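Worksheet: the structure to be examined is printed underneath.
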Amino acid sequence: MAPIALRIYSPHYAYPGMGGHIHIGIDGPWDVRRILGTVPVQPDGSVVFQVPANTPIAVQSLDEQGAALQVMRSWFTAMPGEVLSCVG
């Protein structure tokens, strides 16, 4: 199944001491994700989008119903004015 869109999100890190096994979920505050937007996948499989500088960014590929097909388990950042690209 080919993705039709990418969801762009930013991991949100909580204040020190908020996570841990004594809180709801294991390190739950580390899993919060702030959705920045969704962009369409072009017919050739490419996407183009702008992101805020100095912000951790990750992506999810989405199907027609908006369900995640693949979830990026790491993140990247961009410096002001930087252009990033990825293949694969």
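Bear in mind these aren't lab numbers, they're just calculated from the coordinates by the rules spelled out. No experiment lies behind these values; they were computed from the predicted model shown. FYI the Cβ positions are ideal-geometry reconstructions off the backbone, even for glycines, and counts take in every protein chain you see.
Sorting Arg73, Arg33, Arg7 from the fewest to the most surrounding beta carbons within 10 angstrom yields Arg73, Arg33, Arg7. Here Val87, Val71, Val59 are placed in order of increasing Cβ neighbour count within 10 Å, fewest first, which gives Val87, Val71, Val59. Each residue of the range 61-75 is assigned a 3J(HN,Hα), and the resulting list reads 7, 10, 8, 4, 8, x, 7, 6, 8, 8, 10, 6, 9, 10, 9 Hz, derived from the Karplus form 6.51 cos²θ - 1.76 cosθ + 1.60 (θ = phi - 60°), x at Gly and Pro. The ranking of Ile57, Ile35 from fewest to most other beta carbons within 10 Å of each one's beta carbon is Ile35, Ile57.
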